[in-house]
Amino acid sequence: MKKSLIIISFLSCFPLFIYSQPQEVTNAIFAYNEGEYDKAKEYIDRATVHEKTSRKGKTWFYRGVIYMGINTTPKFSSISKNSLETAVEAFQKTVEFDTEKGEFGAQVKQQIEVCWVAAVNGGSDMYSKKSFADAINYFKIAQKIKPQDTTAYIYSLYAAGPSGNTEEVKVCAGKLRELNYTPVVLYSILGKILLNENKLDEALSVYDEGSRKYPDNMELTTQRLNIFMKQGKEVSAINEFKIAANKDPKNKLLWAKLGDIYGQMKNTDSAMYYYNKALEIDPNDALANFNIGIFYNNLAAEKFSGADKTNDTKLMMQLDTEGKEILNKALPYLEKSYQQNPKDVENMQVLMKIYSTLKMQDKAQQMNDAIKAAVGK
């Protein structure tokens, strides 16, 4: 995922000045300044429940600083699983007992900003490690700190998609819409979630909205039209693809997709016409060549299936011959696709089967060896 990360270095040795105060807070500050965060935590935890210190902004401010120190120091990360969230809560509680212009309350805004950045960076780090659940937990902290900022919702959306966290996707999508921020990734991820839930109408509504906002985005267009196909609305799909293709005539994927649709409708002439339109743009395109080869291969399979089902010897021989003639048409396209993408195992398997059917044993063996090498056997 391409993303812009906000990077900041948190100064672990935040200067703490000593004022007249109960002993637990004093001890916490001394321990913190000595880098003994475990001891500092013990002291400050006691201070937050002590009747003389629990209602002082000073106590909660230092608790926030100490827990941020724990959060940014791997050596002590195990002593508090929720150190960042605890720090945020402590800073927020500071202003309950000290005004925003007070000695400690005045510093809270800056410290909360540091916490927000730490949450975003922590989530991004977990995302890069594919620890999606942990990433989402970090981003949720950032969301609580700045509920009107879109950054953490976007990042959480990215993390929720691959982890299959459908609820988080929907929550983030809803929040981003509330904030009037709808990037293309919102439609992409939310649409896929709805498709996986087989909610075709809802998914189509999402892709419709996305396509209106991002008319040049091919993923949204393709997904939208795939839904038409699943719903049996081939004519709608064809009409929309033709409109898109005529707007972007150099887009080989659009022409190839039209070939796919006509192929599913058993309209051979139209399918070949549009597949070849794609090849006119790029004769060496691996996917277009593969699609044409597979189209011919499927036609041949129908002939062979008919031959297997008939008891008429003459018809059986005729269908078998026609099937092999069609396979010979498929070969150049599949071989060209293989040349462009020699690691495509599916293509290799089809080629091996065709070579075997056409009694091209040497090539069949070569392809078999290539498949074994590709899959590591």
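Screening Pro147 on (1) outside the structural domain of Ser54 (by TED's automatic domain parsing); (2) in a helix (DSSP H, G or I) shows it passes everything except condition (2).
The set of residues in the range 158-184 being farther than 22 Å from Glu113 by Cα and crowded, with 18+ Cβ neighbours inside 10 Å consists of Tyr158, Ala159, Ala160, Gly161, Asn165, Glu168, Val169, Ala173. Residues in the range 282-303 that are within 30 Å of the chain's Cα centre (by Cα), surrounded by fewer than 17 Cβ atoms within 10 Å (Cβ to Cβ) and in a helix (DSSP H, G or I): Leu287 only. Evaluate the range 20-29: report whether one residue or more is exposed (fewer than 14 other Cβ atoms within 10 Å of the Cβ) and at pLDDT 90 or above. No; the residues of the range 20-29 include none that is exposed (fewer than 14 other Cβ atoms within 10 Å of the Cβ) and at pLDDT 90 or above.
Got at least one residue in the range 170-187 being in contact (Cβ under 8 Å) with a residue 12 or more places away in the chain and among the acidic types (Asp, Glu)? Can you show your working first?
Step one: filter the range 170-187 for residues in contact (Cβ under 8 Å) with a residue 12 or more places away in the chain, giving 170, 172-173, 175-176, 179, 181-187.
Then drop every residue that is not among the acidic types (Asp, Glu), which leaves none.
No, because not a single residue in the range 170-187 is in contact (Cβ under 8 Å) with a residue 12 or more places away in the chain and among the acidic types (Asp, Glu).
Do we find a residue being part of a helix (DSSP H, G or I) and closer than 25 Å to Leu258 by Cα anywhere in the range 304-324?
Within the range 304-324, one or more residues are part of a helix (DSSP H, G or I) and closer than 25 Å to Leu258 by Cα.
Selection of the range 326-344 for residues being loosely packed, with under 12 Cβ neighbours inside 10 Å and part of a helix (DSSP H, G or I) yields only Gln339.
Filtering the range 220-253 down to residues that are assigned to a helix (DSSP H, G or I) and of a type in the set (D, E, K, R), which residue is surrounded by the most Cβ atoms within 10 Å (Cβ to Cβ)? That would be Arg224.
Would you mind finding the one in Ala47, Ala40 that is in the same structural domain as Ser78 (by TED's automatic domain parsing), within 16 Å of Ile70 (Cβ to Cβ), modelled with pLDDT of 90 or more and over 43 Å from the mean Cα position of the chain (by Cα)? Even if it seems obvious, please write down each step before you answer.
Numbers: Ala40 fails: over 43 Å from the mean Cα position of the chain (by Cα).
Among Ala47, Ala40, only Ala47 is in the same structural domain as Ser78 (by TED's automatic domain parsing), within 16 Å of Ile70 (Cβ to Cβ), modelled with pLDDT of 90 or more and over 43 Å from the mean Cα position of the chain (by Cα).
When the range 171-184 is filtered for residues that are out of contact with any helix residue (DSSP H, G or I) (no Cβ under 7 Å at 6 or more places or on another chain) and part of a helix (DSSP H, G or I), the ones remaining, listed by number, are Val171, Gly174, Arg177, Glu178.
In the set (1) assigned to a helix (DSSP H, G or I); (2) in contact (Cβ under 8 Å) with a residue 24 or more places away in the chain; (3) not assigned by TED's automatic domain parsing to the domain that holds Val88, Leu194 fails one condition alone, (2). Close Cβ contacts (under 8 Å, 6 or more residues apart or on different chains) running from residues in the range 333-352 that are within 13 Å of Ala286 (Cβ to Cβ) to residues that are charged (D, E, K, R) and not in a helix (DSSP H, G or I) comprise Ser337/Asp344; Tyr338/Asp344; Gln340/Asp285. If you go through the range 310-356 and keep only what is of a type in the set (Asp, Glu) and either under 16 Å from Lys372 (Cβ atoms) or not assigned by TED's automatic domain parsing to the domain that holds Leu299 (or both), you end up with Asp344, Glu346.
Listed conditions (1) more than 30 Å from Glu51 (Cα to Cα); (2) in contact with an Asp or Glu (Cβ under 6 Å, 6 or more places away or on another chain) are all met by Tyr138, apart from (2).
The values are calculated or read from the model by the stated rules, or taken from the named source; none is laboratory data. Since we're looking at a predicted model, the values are computed, not measured. Every residue, glycine among them, receives a Cβ derived from its backbone with ideal geometry; neighbour counts consider all protein chains shown.
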